[in-house]
Amino acid sequence: MIAYPHRHLLALQGLEPPYIADLLDLAESYALLNRSGKTQRDQLKGRTLINLFFEDSTRTRTSFELAGKRLGADVINMSVSQSSVNKGETLLDTASTLNAMHCDLLVVRHAQSGAPALLSQKVDAAVINAGDGTHEHPTQALLDALTIRRHKGSLENLVVAICGDVLHSRVARSNIHLLSAMNCRVRVVAPPTLLPAEVERMGVEVFHDMKTGLRDADVVMMLRLQKERMAGGLVPSAREYFRFFGLDAAKLAVAKPDAIVMHPGPMNRGVEIDSAVADDPVRSVIGEQVEMGVAVRMAVLDILSRNLRRNARP
Amino acid sequence: MMPFSSPDILFTNARLLDPASGLDSPGSLLVSRGLIADHGGSLGVPDGATVVDCGGAVLAPGLIDLRASLGEPGNEYRETIDSAAEAAAAGGITTLCALPDTETPLDDPALLQYVWRRGEALGSLSILPYGAATRACAGKDLSEFGLLKEAGAIAFTDGTHAIGNARVMRLALSYARAFGSFIVQHPEEPDLARGGVATEGEMASRMGLAGIHPAAESMMVARDIALARITKGHVHFAHVSTGAALDLIRQAKDEGLRVTCDTAPPYFDLNETAIGDFRTYAKLSPPLRREEDRLAVVAALQNGTIDAIASDHQPRDADDKRLPFAQAAAGGAGLATVLGVTLARVHGGDLSLLDALALLTCKPATLLGLETGRLTRGAPADLVMFDLERGWKVEAGKLPGKAQNSPFDGRPLEGRVMGTWKAGKRVFG
């Protein structure tokens with residue numbers, strides 16, 4: 001495997017396919033180890049991992065925590081509530097605090113696009129973007145890709161339909177970058193009010209109708225629709241959204257018979273996805289996505305820590 | 001004006017440039033009692049006169065900056081009037097039109113006079129404040145144009161806030177006519193632009209930033225041109241940044257409407273790629289545009305659609321900018337770089353030196369009805385001397401004045417101010 005060339009993992013846009021493939025291979029090996037029960041490793045022994053979450057998250061934070069602990073790191077969770085942000089402590093005040101703690105690996109989630117990039121300029125630690133605003137969520141796309149690869153054998157030439165609120169989705173952006181880089185045919189399916197401007201220039205095919213957008217798809221990836229989008233007038237009502245853009249058995253029927261159904265969670269059942277589809281033991285791989293999340297995060301922490309060792313502080 | 005006491009000054013060995021008359025020739029210029037006394041091929045040295053050998057550098061009218069924000073009153077942590085004056089002098093600016101949407105908006109004659117007097121007390125820079133077009137620049141109720149004009153308001157605007165309500169804008173354009181004044185609009189449809197922080201398109205989509213469609217500018221320009229037509233009022237569009245808006249302004253001018261506009265250096269020197277890596281110093285309002293719009297602005301500078309280049313100076317503190325992109329304050333420092341970045345278009349072959357300087361001197365002077373901005377005998381000796389070829393690099397942190405938030409950070413420039421004189425007094429160099 002070739003050495004990962006960056007100090008941080010801030011985005012998948014621009015990351016070359018060989019590095020993506022390497023990360024997925026390493027994650028796959030961690031997935032196998034995790035299943036075998038031999039979970040405890042020592043790659044990160046003596047390293048400090050801080051989960052710095054400016055937004056609420058259970059799934060992603062827990063996944064990073066577990067990944068860090070399995071690799072032997074000292075893991076600390078810092079939840080920075082909105083109130084202390086409002087008290088005026090800036091992101092960069094936080095950065096200097098973290099530097100004083102000699103943090104090695106910093107996992108950041110923030111409601112603002114670019115916040116982890118800003119932090120990465122000021123902290124000594126390797127920064128892992130755990131979701132920033134509507135920009136990127138790299139480890140989610142990696143775990144999605146690993147899940148797909150395990151089911152389909154390869155990512156090459158697969159048709160992947162990403163459906164729903166692409167406009168506000170960092171998951172969608174990271175997936176578009178990764179899957180396009182790995183030669184998937186990526187489609188986005190949503191009403192125009194939920195698509196970013198010029199999304200087609202990101203190398204995707206655009207559909208506004210589920211029945212055509214899902215036709216012959218290998219993978220159907222649903223996105224969460226947040227309730228405030230309805231208040232903002234982007235979608236008139238939940239019932240209309242579910243009728244036209246929610247995934248149910250009838251809409252899924254136009255996809256390939258072995259198409260898998262994915263969702264980054266947490267789901268709004270009856271809004272973007274019907275429970276019968278979400279819980280379908282054959283088609284739905286939503287549970288496996290969570291499992292792969294831990295393996296992918298172990299791989300990311302492992303690879304970034306190798307660059308740390310090379311540049312270790314005295 | 002300041003009481004006068006300096007000795008006469010004779011500038012020799014200068015390249016005299018006067019865009020108003022088209023003068024571009026080697027020669028000398030004599031300043032007496034703070035006024036331009038004479039200029040020509042060779043002038044004798046009067047008794048007691050100080051001689052300034054320009055060494056072949058350009059000597060031109062001091063720049064008139066049509067649009068700049070001051071931190072004072074209210075946001076002195078960003079910039080004081082003193083620090084703005086220091087930056088202006090270093091940039092060759094001798095007259096600065098200050099926006100009224102300060103922390104304490106200039107919607108009251110006493111406040112406006114305060115800002116004007118602070119400028120007079122400096123002696124290095126005339127500060128000509130705009131009056132708030134509406135009370136508190138809130139876009140609802142007209143302010144007292146007549147009283148504000150008596151107190152020194154150069155024109156009326158809500159500064160960085162668009163006058164969004166069509167009825168209010170119509171009233172403002174109509175009422176300003178009674179006082180022979182005009183309205184400066186920030187041309188951006190506020191509802192369409194709400195929440196946006198970058199130009200809508202592929203770049204903003206990839207960065208996950210909320211976009212502002214460029215049509216937010218052109219639709220406001222179209223609306224206000226219609227209002228200028230029905231009111232016979234004079235509307236001036238500030239920092240125009242899109243080809244679509246410039247096309248509409250061109251048509252309105254051809255129709256004979258009283259429509260004028262300016263742009264600012266970022267819009268003819270940078271495009272949206274400058275915000276890559278979430279560079280908040282390049283976060284401006286209006287946002288940086290696509291390359292085709294930048295080229296349209298250059299073309300409009302060439303064909304006369306644009307009447308002036310303004311610095312569009314917006315002082316910001318480092319802490320206003322060291323934030324995630326969407327939360328960072330918009331605006332760039334511009335006083336020290338407006339001349340250098342404009343000269344880049346001269347060196348690039350897009351504009352002649354005289355045409356470029358006209359946009360910074362006599363053209364804004366004509367718009368504002370000022371006697372400065374020209375090398376006219378008897379006019380105040382507001383002068384700038386610059387070396388057209390001398391290279392330098394814009395470095396945030398090392399710029400004159402307090403505000404360091406230059407969108408041009410790191411840009412090499414050719415053309416450096418060597419000296420600035422205000423009413424015959426040397427204020428820089």
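Derivation of every value follows stated rules applied to the coordinates shown; laboratory data play no part. It should be emphasised that the depicted structure is a prediction, and the values quoted were computed from it without experimental measurement. Methodologically, a virtual Cβ is constructed for each residue, glycine included, from the backbone with ideal geometry; neighbour enumeration extends over all protein chains shown.
Observations on the model:
- Exposed trypsin sites (Lys or Arg not before Pro) absent: longest stretch of chain B, with sites in DSSP loops and at most 13 other Cβ within 10 Å deemed exposed: B:233-376
- Peptide B:192-204 has a mean of 2 when you count, residue by residue, the C-beta atoms of other protein chains within 10 Å of its C-beta.
- Placed amide H near B:Leu23: partners under 5 Å, 5+ positions off or other chain: B:Asp18
- Antiparallel bridge percentage (DSSP; both residues within chain B; nearest 5): 50 percent
- Helix B:291-303 axis versus longest C-alpha principal axis of chain B: approximately 50°, rounded to the nearest ten.
- Counting other Cβ atoms within 10 Å as a rough exposure proxy, the listed residues A:Thr58, A:Thr193, B:Thr199, B:Thr366 run A:Thr58, A:Thr193, B:Thr366, B:Thr199 from fewest neighbours to most.
- Rounded to two decimals, the Cα-based Rg/Rh of chain B, with Kirkwood Rh, is 0.96.
- 10 Å Cβ neighbours from other chains, averaged over peptide A:282-293: 0
- Neighbour count of at most 13 Cβ within 10 Å plus DSSP loop: longest GluC sites (Glu not before Pro)-free window in chain B: B:104-370
- Dipole moment magnitude, nearest 20 debye, chain B about Cα centre, only Lys, Arg, Asp, Glu C-beta charged: 320 debye
- Exposure proxy ranking, count of Cβ atoms within 10 Å, fewest first, for B:His313, A:His6, B:His236: A:His6, B:His236, B:His313
- In chain B, helical runs assigned H by DSSP with n ≥ 4 each contribute -39500 (n - 2.57); averaged across all residues and rounded to the nearest 500, the mean residue ellipticity at 222 nm is -8500 deg cm²/dmol.
- Calculated translational diffusion coefficient of the protein assembly as shown (4 °C, 1.567 mPa s; Stokes-Einstein with Kirkwood radius over alpha-carbon pairs) equals 45 µm²/s.
- Which of A:Leu252, B:Leu383 has the fewest Cβ neighbours within 10 Å, and the rest in rising order: A:Leu252, B:Leu383
- Treating each Cα of the stretch B:224-275 as one equal point scatterer and applying the Debye formula with no solvent, the log10 of I(q)/I(0) at q = 0.19, 0.25 Å⁻¹ comes out as -0.64, -0.92.
- Solvent-free Debye scattering, log10 I(q)/I(0), computed from the Cα coordinates of the stretch B:19-150 at q = 0.09, 0.12, 0.20 Å⁻¹: -0.38, -0.61, -1.11
- Taking all pairs of distinct alpha-carbon atoms in the stretch A:187-296, Kirkwood radius in angstrom: 14.6 Å
- Under 5 Å, built H, 5+ apart or other chain: amide partners of B:Asp65: B:Thr94, B:Thr95, B:Leu96, B:Cys97
- Axis angle, to the nearest 10 degrees, between helix B:215-231 and the longest C-alpha principal axis of chain B: 80 degrees.
- Peptide B:323-334 has a mean of 4 when you count, residue by residue, the C-beta atoms of other protein chains within 10 Å of its C-beta.
- Protection-proxy order for peptides B:18-28, A:224-234, A:172-182, each taking the mean of Cβ atoms within 10 Å per residue, highest first: A:172-182, B:18-28, A:224-234
- The long axis of helix B:81-90 is offset from the longest Cα principal axis of chain B by roughly 60 degrees.
- Total charge dipole magnitude, the protein assembly as shown, about the Cα centre, Cβ charges on Lys, Arg, Asp, Glu only, Debye to nearest 20: 1320 debye
- Calculated translational diffusion coefficient of the stretch B:304-429 (25 °C, 0.890 mPa s; Stokes-Einstein with Kirkwood radius over alpha-carbon pairs) equals 153 µm²/s.
- Residues of type lysines that B:Lys253 reaches as a straight line, Cα spacing below 30 Å, ignoring anything fewer than 8 places off in the same chain: B:Lys140, B:Lys149, B:Lys232, B:Lys363
- For chain A, lysine pairs separated by 8 or more sequence positions, or belonging to different chains, with Cα-Cα distances below 30 Å total 14.
- Scattering profile of the stretch B:219-347 at q = 0.16, 0.18, 0.20 Å⁻¹ [log10 I(q)/I(0), Debye over alpha-carbon scatterers]: -0.81, -0.97, -1.12
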